[in-house]
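Below you'll find the structure, written out as structure tokens, and then a few comments.
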Amino acid sequence: MIYLVFPSSWHPSQPYLSLPSLKGFLHQHGIMDVMQRDLAIELLDDLCTWEKTKPLYERIVRELNELGSRPRLSEFERQKLAKLREAEEVIPALKGQIDSATASLRCDDFYDLDRYMESLKIIDVWLDNILAPYFPSSLTVIGSQLRFSPYSSREILESFKNPQENFFYDLYEKWYLPSILAEDIDILGISVTSVEQIIPGLTLAYLVRQYRKDIHICIGGSVFTKLVDRMERDGTPLFQFVDSFIVHEGETPLLSLVNAYRGDGDLSQVPNLVYEVDGKVKVNRPFAKEDLNALPVPDFDGMPFDLYLSPERVLPVMGSRGCYWERCAFCSIPFDHMDFHVRYAETVVRDVKTLQERYGANYFFFTDEALPINFLRTFASKLIEEKVDVQWTGELKFEKSLLRDNRLDLLYKAGCRKLIFGLESHNQRVLDAMKKGVELWVVDQTVEECIRIGIAMHCYLICGFPTETREEVLDSVNFILNNRKLLESPGFSCIISQFDLEKGTPIEKNPAEWKITRIYNPPDHDLGLGYSYDISVGMNSDEAETVYREFSEKLAREVMTFPDNYSLSDGLLYLGYRQKENIRERLTPA
């Protein structure tokens with residue numbers, strides 16, 4: 001069996017697209033013994049269930065009594081004791097509320113914003129306390145915090161020796177490993193698409209390897225795509241428990257791996273595969289690129305839809321891979337995806353119609369980095385022509401062409417209810433330094449048009465871009481906070497992030513162009529995806545962090561209805577529900 005796993009953590013309202021895409025592709029090519037499992041939502045659901053977590057509370061009481069009886073405690077033990085005492089008080093107070101908090105996010109109570117925010121707070125407080133035995137490690141709905149760096153293979157290996165802190169190790173082993181080992185698995189595929197998933201994903205790989213040496217363990221996802229050159233040059237101890245990595249696009253490589261592993265075992269012809277032979281890392285080049293229009297409809301069968309914290313099914317769809325612009329100075333997307341390639345709009349409409357019919361999904365979230373305007377125009381026209389009644393959201397670049405021929409009106413008529421923009425800055429000098437290819441008048445007019453039409457907006461901002469000053473960041477923040485029409489438009493959201501110098505970006509390749517005098521990393525960060533840096537112009541990293549904290553708190557107070565990443569798919573559902581309520585109000589006799 002091919003066993004595909006998506007590890008913790010991810011947004012809890014919808015499944016991620018990677019596993020259903022791989023499963024659908026394998027089925028298309030006759031590989032039918034495929035199982036997919038979303039451990040991210042399974043773990044979250046189990047941790048938010050009182051019956052499942054009773055043993056953790058009993059452990060809290062035991063450890064509290066044991067630590068409290070010691071005559072002397074180290075500083076760490078005193079801190080842990082304080083956390084255990086807090087947990088002993090909080091958990092009994094919340095144990096009657098935690099199940100109803102998650103249940104409220106799976107029904108129409110979700111649309112009551114006060115109840116929504118209350119439920120999220122209950123869940124986060126519960127998670128923070130129910131995992132007290134693993135102090136100082138912690139978990140929230142969308143992320144985890146361990147003292148072990150995911151950028152260091154040495155620290156990752158150390159985390160496996162510390163299950164008293166690495167709760168992924170302890171809970172995966174107790175709760176999920178038995179059911180995994182009960183299956184007749186020959187290939188285990190683990191999708192690692194974010195830094196948050198490195199330790200959980202590799203922990204699962206390590207656990208399976210301890211019990212089953214015969215399973216071929218393969219890691220896929222964008223994270224390790226960025227590390228190919230480093231693994232090839234320096235090797236990696238991760239091959240102690242991982243057999244291979246698939247980098248860049250994964251459909252054809254996984255199919256080739258299955259056929260090779262079940263055939264003569266020769267991996268040398270499997271494209272995009274990184275593996276070890278006699279202590280030397282091999283990288284199978286040239287890297288393969290998928291024919292996106294030949295891909296089947298993603299197969300979500302087996303996904304635990306009832307566990308997601310959403311009253312409606314929101315499914316991801318894909319119109320393109322990579323980015324057609326490919327010039328932003330801070331962006332590593334071209335490094336991940338090689339070349340930009342796009343699907344036929346008609347093919348994506350087929351996917352939407354099939355997924356709506358098969359799974360009852362009426363809401364869709366494009367995973368594209370930047371949807372091409374011509375694709376969107378055709379996609380929207382086809383939805384209208386074929387009378388497909390769905391609502392959707394996706395990410396766009398500000399473009400003049402979006403303002404032509406009533407294209408935003410067309411998108412709204414086709415069900416677009418929210419657009420996500422990488423604004424990054426509302427200062428022309430900074431935008432030019434970023435090589436965004438955007439003029440401020442285009443931003444301003446697009447915002448006006450979206451407000452007029454009723455398309456909600458989400459804006460990403462960056463704070464601390466190299467050479468940027470505090471005053472220039474303030475231009476961006478003031479653009480948001482001083483625009484009353486934008487702030488009051490239904491569904492508007494905005495997130496500001498501190499600039500990170502990432503591996504594979506134009507800035508890394510030519511730092512002097514952005515007045516960076518030195519880039520560096522801790523020596524044992526062999527899995528590092530970014531760099532620290534020194535700069536001669538603008539804010540340094542410490543100054544940027546101070547400004548970021550100031551403005552992120554201000555934006556959170558003034559803008560956010562939904563917290564952080566909840567503003568995207570959850571906001572789409574809220575907009576759809578609000579529209580239905582408005583229709584009901586208009587149709588109800590006075």
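Only the coordinates and a few stated rules stand behind these numbers; no lab work does. Just so we're clear, the structure is a prediction, and the values are computed from it rather than from any experiment. Here the Cβ positions follow ideal geometry from the backbone for every residue, glycine too, while neighbour counts run over all protein chains shown.
For segment 519-525, what does the Karplus curve 6.51 cos²θ - 1.76 cosθ + 1.60, with θ = phi - 60°, yield as ³J(HN,Hα) per residue in whole Hz, taken in order and with x for Gly and Pro?
Going residue by residue, I get 10, 7, 8, x, x, 9, 7 Hz, with x marking Gly and Pro.
For residue 468, what residues show an amide H to amide H distance below 5 Å, using hydrogens built from the backbone and excluding near sequence neighbours?
Those qualifying (amide H under 5 Å, at least 5 residues apart or on another chain) are 539.
Convert 4 °C to kelvin, take the viscosity as 1.567 mPa s, use the Kirkwood radius over C-alpha pairs of the chain as Rh, and evaluate the Stokes-Einstein diffusion coefficient in µm²/s, rounded to a whole number. Working shown, then result.
Details: Rh = 25.6 Å.
The calculation lands on 51 µm²/s.
For 27, 458, which order do you get if you count the other beta carbons within 10 Å of each Cβ and list the fewest first?
Ordered by Cβ neighbours within 10 Å, fewest first: 27, 458.
Read phi for every residue in segment 273-285 and hand back ³J(HN,Hα) as whole Hz from Karplus 6.51 cos²θ - 1.76 cosθ + 1.60, θ = phi - 60°, with x for Gly and Pro.
Per residue, the Karplus-derived 3J(HN,Hα) values read 8, 10, 8, 10, 10, 6, x, 10, 7, 10, 10, 7, 10 Hz.
Restricting to Cα pairs below 8 Å that are 6+ residues apart, what does the relative contact order work out to for segment 499-574? Please round to a whole percent.
Details: 52 pairs, mean separation 16.0, N = 76.
Over segment 499-574, the number comes to 21 percent.
Counting alpha carbon pairs within less than 8 Å and at least 6 residues apart, what relative contact order, in whole percent, applies to the chain?
Numbers: 1014 pairs, mean separation 73.9, N = 590.
For the chain, the relative contact order is 13 percent.
Using the Cα centre as the reference, give the magnitude of the dipole from point charges on the C-beta atoms of segment 2-283 (Lys, Arg: +1; Asp, Glu: -1; all else neutral), rounded to the nearest 20 debye. Walk me through the intermediate numbers first.
Details: 29 positive and 42 negative charges, 149 e Å.
In debye, rounded to 20, segment 2-283 gives about 720.
Based on the mean of other Cβ atoms within 10 Å per residue, sort peptides 46-55, 135-144, 316-325 so the most packed one is first. Could you put the intermediate results ahead of the total?
On the way: 46-55: 15.5, 135-144: 18.5, 316-325: 20.3.
For the peptides 46-55, 135-144, 316-325, the packing ranking is 316-325, 135-144, 46-55.
Starting from the amide H of residue 282, placed 1.01 Å from N in the peptide plane, find each other amide H under 5 Å away whose residue is 5 or more places distant or on another chain.
Residues meeting the criterion, in which the H sits 1.01 Å from N, are 275, 276, 277.
Given H placed 1.01 Å from N in the peptide plane, which residues other than close sequence neighbours of residue 4 have an amide H under 5 Å from its amide H?
35, 36, 37, 189
For the chain, give the magnitude of the charge dipole about the Cα centre (Cβ charges: +1 Lys/Arg, -1 Asp/Glu; no others), in debye to the nearest 20. Can you show the working numbers first?
Details: 66 positive and 91 negative charges, 86 e Å.
Dipole of the chain, to the nearest 20 debye: 420 debye.
Take residue 158 and residue 69, extend 7 Å from each Cα along the Cα→Cβ direction, and tell me the distance between the two endpoints in nm.
That separation, rounded to one decimal, is 3.2 nm.
Pull up the DSSP beta bridges for the chain and report the antiparallel fraction as a percent, rounded to 5. Can you show the working numbers first?
Details: 17 of 57 bridges.
Antiparallel: roughly 30 percent of the beta bridges in the chain.
Put +1 on the Cβ of every Lys and Arg and -1 on every Asp and Glu Cβ in segment 2-283; which of 20, 182, 252 then has its Cα farthest towards the positive end of the dipole?
Going by the Cα projections, it comes out as 182.
Could you please report the charge total around residue 174, scoring K, R as +1 and D, E as -1 over all other residues with beta-carbon less than 11 angstrom from its beta-carbon?
Numbers: positive: 52; negative: 46, 170, 173.
Once all neighbours under 11 Å are counted, the net charge is -2.
For segment 19-88, what value does the Rg/Rh ratio take when both radii are computed over Cα atoms and Rh is the Kirkwood radius, given to two decimals? It would help to have the intermediate numbers written out before the result.
Values: Rg = 21.4 Å, Rh = 15.7 Å.
Taking Rh as the inverse mean 1/r over Cα pairs, Rg/Rh reads 1.36.
Enumerate by residue number the GluC sites (Glu not before Pro) in segment 406-455 meeting two conditions: DSSP loop (anything except H, G, I, E, B), and at most 14 other Cβ atoms within 10 Å of the site's Cβ. Don't skip to the answer; put the middle values down first.
Values: sites: 424, 439, 448, 449; in loops: 439.
Taking segment 406-455 and a limit of 14 other Cβ atoms within 10 Å, the loop GluC sites (Glu not before Pro) found are 439.
Karplus couplings for segment 178-186 from phi (6.51 cos²θ - 1.76 cosθ + 1.60, θ = phi - 60°), rounded to Hz, Gly and Pro as x?
Rounded to whole hertz, the list is x, 6, 5, 5, 6, 7, 8, 9, 10.
Cβ under 12 Å from residue 524's Cβ, residue 524 left aside: what net charge do those residues give with Lys, Arg +1 and Asp, Glu -1?
Details: positive: 154; negative: 155, 158, 234, 526.
That works out to -3.
Convert 4 °C to kelvin, take the viscosity as 1.567 mPa s, use the Kirkwood radius over C-alpha pairs of segment 2-283 as Rh, and evaluate the Stokes-Einstein diffusion coefficient in µm²/s, rounded to a whole number.
Details: Rh = 20.3 Å.
For these conditions, the coefficient is 64 µm²/s.
In deg cm²/dmol and to the nearest 500, what is the mean residue ellipticity at 222 nm of the chain if only DSSP H runs of at least 4 residues count, each as -39500 (n - 2.57), divided by the residue total?
-13000 deg cm²/dmol
Compute the relative contact order of segment 2-283 as a whole-number percentage, counting only Cα pairs closer than 8 Å that sit 6 or more residues apart in sequence.
Computed value for segment 2-283: 17 percent relative contact order.
Write down the percent of antiparallel bridges among all DSSP beta bridges whose residues are both part of segment 2-283, to the nearest 5.
Numbers: 9 of 26 bridges.
Restricted to segment 2-283, the bridges split so that about 35 percent are antiparallel.
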